[in-house]
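Read the figures in this text as sums done on the coordinates, not as results from a lab. Keep in mind that what you see is a predicted model, and the values were worked out from it rather than measured. Cβ coordinates were reconstructed from backbone atoms using ideal geometry, including for glycine residues, and neighbour counts include every protein chain displayed.
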Amino acid sequence: MPYLLIKDIRLPISEGAEQAIHCAAKKLRAALGQAEVTSYEIHKKSIDARRRGNITVVWSVTAELACDPDIEVLREAGISILSDSKLNIQRGTEPLSARPVVCGFGPAGMFAALLLAENGYRPLVIERGDDTEDRIKAVESFYRTGRLDPESNIQFGAGGAGTFSDGKLVTRISDPRCRYVLKRFYEFGAPKEVLTQAKPHVGTDILRKVVNRLRDRIRELGGEILFRCALNGYGTDSWGRIKTLHTTRGDIPCGALILATGHSARDIYSYLLSTDCEINEKPFSVGVRIEHLREDIDAAMYGSAALAKKLGHAEYACSYRRGDRGVYTFCMCPGGEVVAAASEEGGVVVNGMSRHARDGRNSNSAVAVSVTPDDCRAYGGTMSFQRHLERAAFKMGGSDYSAPIQTVGDFLSGKRGTEPSGVFPTYMENGKNTRLADLSKLFPEYITEMLRCGIRRFNSEVRGFSSDGAILTGAETRTSAPYRIVRNQNGTAPGYPNLYPTGEGAGYAGGITSAAVDGIEQASAIISLYAPTPEKAD
């Protein structure tokens, strides 16, 4: 049965799903007459707050038809056929010398392992960090004692960096498998609204439970997960096929390797650079986290903070380009907190996190400036530039993982030393581990100037964005991978017939959903080529 998508149904905030479906049915009848519709369903819902005096809700609705429609008539009416989100899996016949290994248990690795397990391939997953509960304890210990565990932290462990984030599932890619990913998240415990929100989010509190259920499902289907197992290297045969993985828990046989180690596994980048694997530097962004009072952002976007109870706490997305350089907001966390996301000793890294309710006192987002590989030459390359900023932030914060902070008023005016008032930092134990600093000294001048330019300009889109009392915390350096691992059309790395670079760390995704889709893509490539591994091959 074909599914139709009726988009751009704009209604007042007082109207709900029932009226949206009524409007969709009316539009469909006008196009197709009395065509038999077996069901209607809300597809997406978004808030248009660009006109604060006339906020509207924009709906899209799906309709299932009992017969095939006239495509030309639909096109003229602005109605489209919805792409099927079901996976078309075809199993190959080539034998595997050992079961497939998934390295990394972030979104890409989780969904790759899940698909392999559901199709009988009994994957082995290795993850350098801890399982969920032990990982939470490691992060809490870091916050409490200032002693970082480089193997288990906000970047590494079950669920990847997303486990300590807002759990955003929004993506810019249009792959129909995005819908499949949302459905699987819901199946494993995400709120039902992730299926219909234009900007779906899970929240770190719920996402941890989703990760655990997905982990348990992989194990139920014969998969195995080794936590605290880091990849150190691999051994190949004369054809370049990876046969053995060298890990911190010994050598492991490998039939095919999905390399989904994330954008912070710098030791993996260093190892690949020492081999003949093709790996290239790529652009990324760096900057700061900015914090405002949540109620002020709600009022700025909606005209009234009270509307947040009906519409959900407000989000924003701002960007500006000057010449070849861009500055933009990224990973906006309503009612969230700034987290300590370091994964190397002697570095300070910040990120944003919020729980499902998004009810914290502050809202925050990254304000990031684009950086090219050429910008990083003087520092020894892209990864070295990231590390340089993190170490400078560590020193600026007092060399104890306290983060350097500054009021927006001081940052814009070139002053320093103004104590927070009204808006207080949330980094690491509600901001007690912060130190006043001059953040203009943290970055090269071109980044500082673009940050200042962006903060001023974004004030026209979000009233109060550049208010003197807003707080900046540095440094945000892990917006995306500093490298891309080259891969062929079939997903493998050139010269390595069974190495599948995957996800954000490989440079092919930018967020939870797109990473999950890439994990599905790479697992599908293995399934389409190989037959499931017999147990005796392990």
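Between HIS22, GLY397, ALA158, whose Cα lies farthest towards the positive end of the dipole of the chain when Lys and Arg beta carbons carry +1 and Asp and Glu beta carbons carry -1, centred on the Cα centre?
Most positive-ward Cα: HIS22.
What is the spin-label model distance, in nm, from ALA198 to GLU133 if the labels are put 7 Å beyond Cα along the C-beta direction?
For the pair ALA198/GLU133, the computed spacing is 4.2 nm.
Just how far, in whole angstrom, is segment 1-57 from segment 315-348 if you go by their alpha carbon centroids?
The two parts, judged by their Cα centres, are 34 Å apart.
Compute, for the chain, the length of the dipole vector about the Cα centre, with Cβ point charges of +1 (Lys, Arg) and -1 (Asp, Glu) only. Units Debye, rounded to 20. Don't skip to the answer; put the middle values down first.
Details: 67 positive and 64 negative charges, 166 e Å.
The calculation lands at about 800 debye.
Normalised by the residues of segment 199-270, what does the relative contact order come to in percent, with Cα pairs under 8 Å and at least six apart? Show your work: numbers first, answer last.
Details: 53 pairs, mean separation 12.5, N = 72.
That works out to 17 percent.
Once each part is reduced to its C-alpha centroid, what is the distance from segment 364-381 to segment 105-134 in angstrom?
That distance is 31 Å.
Taking the Cα-to-Cβ direction at ILE13 and at ARG172 and moving 7 Å from each Cα, how far apart do the two end points lie in nm?
Here the answer is 2.8 nm between the modelled labels.
Report the extension gain between ASP359 and ALA77 in nm, rounded to one decimal, defined as 0.36 nm multiplied by the number of residues separating them, less their alpha carbon distance. Please report the intermediate quantities before stating the final value.
Values: separation 282, 0.36 × 282 = 101.52 nm, distance 4.15 nm.
Using 0.36 nm per residue and subtracting the Cα-Cα distance, I get 97.4 nm.
Would you mind calculating the gained length between ASP468 and ARG52 on full extension (0.36 nm times residue separation, minus the Cα-Cα distance), in nm to one decimal? Spell out each step's value before the answer.
Details: separation 416, 0.36 × 416 = 149.76 nm, distance 2.33 nm.
Full extension from ASP468 to ARG52 adds 147.4 nm.
Please label the shape of segment 66-169 as rounded, prolate or oblate, based on the square roots a ≥ b ≥ c of the eigenvalues of the alpha-carbon gyration tensor (a/c under 1.5 means rounded; beyond that, a/b larger than b/c means prolate, else oblate).
On the way: a/c = 4.92, a/b = 1.69, b/c = 2.91.
Judged from the Cα gyration tensor, segment 66-169 comes out oblate (a/c at least 1.5, b/c at or above a/b).
Between SER238 and GLU118, what FRET efficiency follows from the Cβ-Cβ distance if R0 is 45 Å, with the result rounded to 0.05? Mind dumping the intermediate values first?
Details: r = 34 Å, r/R0 = 0.75.
So the FRET efficiency works out to roughly 0.85.
Quote the relative contact order of segment 357-502 in percent (integer), defining contacts as alpha-carbon pairs under 8 Å separated by 6+ residues. Before the final figure, lay out the partial values.
Details: 177 pairs, mean separation 37.0, N = 146.
Relative contact order for segment 357-502 comes out at 25 percent.
Treat every Asp and Glu Cβ in segment 284-476 as -1 and every Lys and Arg Cβ as +1, leave all other atoms uncharged, and give the resulting dipole magnitude about the Cα centre to the nearest 20 debye.
Working: 23 positive and 23 negative charges, 53 e Å.
With Lys and Arg at +1 and Asp and Glu at -1, about 260 debye.
Which three semi-axes in whole Å describe the equivalent ellipsoid of segment 3-81, each the square root of 5 times a Cα gyration tensor eigenvalue, listed largest first? It would help to have the intermediate numbers written out before the result.
On the way: eigenvalues 125, 30, 18 Å².
Output for segment 3-81: semi-axes of 25, 12, 10 Å.
Provide the packing ranking of 226-235, 490-499, i.e. peptides ordered by the mean count of other C-beta atoms within 10 Å per residue, highest first.
Numbers: 226-235: 17.8, 490-499: 19.8.
So the order, starting with the most tightly packed, is 490-499, 226-235.
Modelling each spin label as a point 7 Å along the Cα-to-Cβ direction, I'd like the GLU278/TYR379 distance in nm, to one decimal.
Label-label distance for GLU278 and TYR379, simple model: 2.7 nm.
Tell me, how many Å apart are the Cα centres for segment 470-538 and for segment 233-301?
Taking the Cα centre of each part, segment 470-538 and segment 233-301 sit 9 Å apart.
Taking 0.36 nm per residue of separation and subtracting the Cα-Cα distance, what length does fully extending ASP70 through SER528 add?
Numbers: separation 458, 0.36 × 458 = 164.88 nm, distance 3.45 nm.
Stretched fully, the ASP70-SER528 segment lengthens by 161.4 nm.
Just list whichever of LYS168/LYS310; LYS199/LYS395; LYS27/LYS86; LYS183/LYS309; LYS282/LYS441; LYS44/LYS209 have alpha carbons separated by over 32 Å in the model shown.
On the way: LYS168/LYS310 20 Å; LYS199/LYS395 37 Å; LYS27/LYS86 27 Å; LYS183/LYS309 26 Å; LYS282/LYS441 25 Å; LYS44/LYS209 25 Å.
Cα-Cα > 32 Å for LYS199/LYS395; rest within.
For segment 49-62, what does the Karplus curve 6.51 cos²θ - 1.76 cosθ + 1.60, with θ = phi - 60°, yield as ³J(HN,Hα) per residue in whole Hz, taken in order and with x for Gly and Pro?
With coefficients 6.51, -1.76 and 1.60, one gets 10, 5, 10, 5, x, 9, 6, 10, 10, 9, 10, 10, 10, 9 Hz.
Which of the peptides 215-225, 26-36 is most tightly packed, and how do the rest follow, judged by the mean count of other Cβ atoms within 10 Å per residue?
The most tightly packed comes first, giving 215-225, 26-36.
Cut-off 11 Å, label point 7 angstrom out along Cα-to-Cβ of ARG249: give me the residues of segment 210-226 whose amide nitrogen falls inside.
The answer is 224-226.
Relative contact order (percent) for segment 3-81, with alpha-carbon contacts under 8 angstrom and 6 or more residues of separation? Each step should come with its number before you reach the end.
Details: 125 pairs, mean separation 35.8, N = 79.
Result for segment 3-81 is 45 percent.
For ASP468, ASP130, ASP237, which order do you get if you count the other beta carbons within 10 Å of each Cβ and list the fewest first?
ASP237, ASP468, ASP130
Order of 480-487, 329-336 by packing, highest average Cβ count within 10 Å first? Each step should come with its number before you reach the end.
Numbers: 480-487: 21.6, 329-336: 24.5.
Answer by packing, highest mean first, reads 329-336, 480-487.
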